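The values are calculated or read from the model by the stated rules, or taken from the named source; none is laboratory data. What you see is a predicted model, and the numbers here were worked out from it, not measured in a lab. So basically every Cβ, Gly included, is an ideal-geometry build from the backbone, and we count neighbours across all protein chains shown. Heads up: the accessible areas ignore ligands, DNA and RNA and are worked out on the full protein's heavy atoms, side chains in. Shrake-Rupley method; radii C 1.70, N 1.55, O 1.52, S 1.80 Å.
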Amino acid sequence: VLQGPKSGSFQYGLSEKAEYIRETIGPGTVIDRALVNTRDEPLAAKSKYRRIHDVSGETTMNPFTDALRLATESILLRSCELGVDFSDLMPENPIKAMRQISHDSSLKRKVILEDGRLFSGLDLQEAIALRAFTAAKKHNYVTAQEEEWFQKWIKLIDDLRIDPDSCDTRVAWIKKRELIDEGLSRARKHHSTNLAVAQQMALYYHELLPREGYAMKLLRRGFFENSPSLDVLENGPGLPPTRAALRGNAIARLK
């Protein structure tokens, strides 16, 4: 939910992160945040591993979205290990392109690439997906699970081109936008600004504590594709706790 051109108005943005990214590559974490953060903070054996942090990821409550972005990243990393070149798909101005794509929920806005061609966000995803997977498949360097998710990736791109609203069980922002629209239609008789109502609905979508928000209600109903079982939602998947889980538990106990 972004501030609109007039006081109290708002506009949709597909990406909240797009508004806060200022550089393409850099070490900053608070000021002048970069798309790729290179701050030298090794999280494993420094003699073997180096840290490169992709900052562009959104906070989502949709398990299909989360699984898909892990799968696509895995396929992309395999292609990078094989030396696949994606430089001809680089936008002329990556930061500007992020915002231009984010501000158009019709998904038709085109951005300029370095070589002068015009690509939409979906065009870019499709070109990257096909090149990455084709290379990994050619070298037999892809798992059956990655191949399955590649097919889901391509199908989602095709479906989004035809009708984004039909993808509400697979794409996080579509259901969130629907909730905001419902909140706005109910609030017409009040004096709250559209921006305030939209912000309130966006927060309600993500809320975990002290009450469950709209996304958690949808998860419990099994609305999203790949929704976990109620047992997993209540007790976790049986894996070691993450830093986020430990932090959340600590906050819950303190409250």
Checklist entry - Only one residue in Ile75, Ile95, Ile101 is among the β-branched types (Val, Ile, Thr), touching a residue at least 24 places away in the same chain (Cβ under 8 Å) and more than 22 Å from Lys155 (Cβ to Cβ), so which one is that? => result Ile95
Item to check | Answer residue from segment 5-38, given it is part of a loop (DSSP other than H, G, I, E, B) and of a type in the set (Phe, Trp, Tyr) and is most open to solvent (accessible area, probe 1.4 Å) among those | outcome: Tyr20
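Inside segment 105-133, can you point out the residues that are acidic (Asp, Glu) and surrounded by fewer than 17 Cβ atoms within 10 Å (Cβ to Cβ)?
Narrowing segment 105-133 to residues acidic (Asp, Glu): 114-115, 123, 126.
Result: Glu114, Asp115.
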Checklist outcome for this item: Per the filter on segment 85-104, residues of a type in the set (A, V, I, L, M, F, W, C), more than 22 Å from Gln3 (Cα to Cα) and surrounded by fewer than 16 Cβ atoms within 10 Å (Cβ to Cβ) are Phe86, Met90
Checklist entry - Of the conditions (1) more than 18 Å from Ala71 (Cβ to Cβ); (2) crowded, with 17+ Cβ neighbours inside 10 Å, Lys138 fails just one. Which one is it? => result (2)
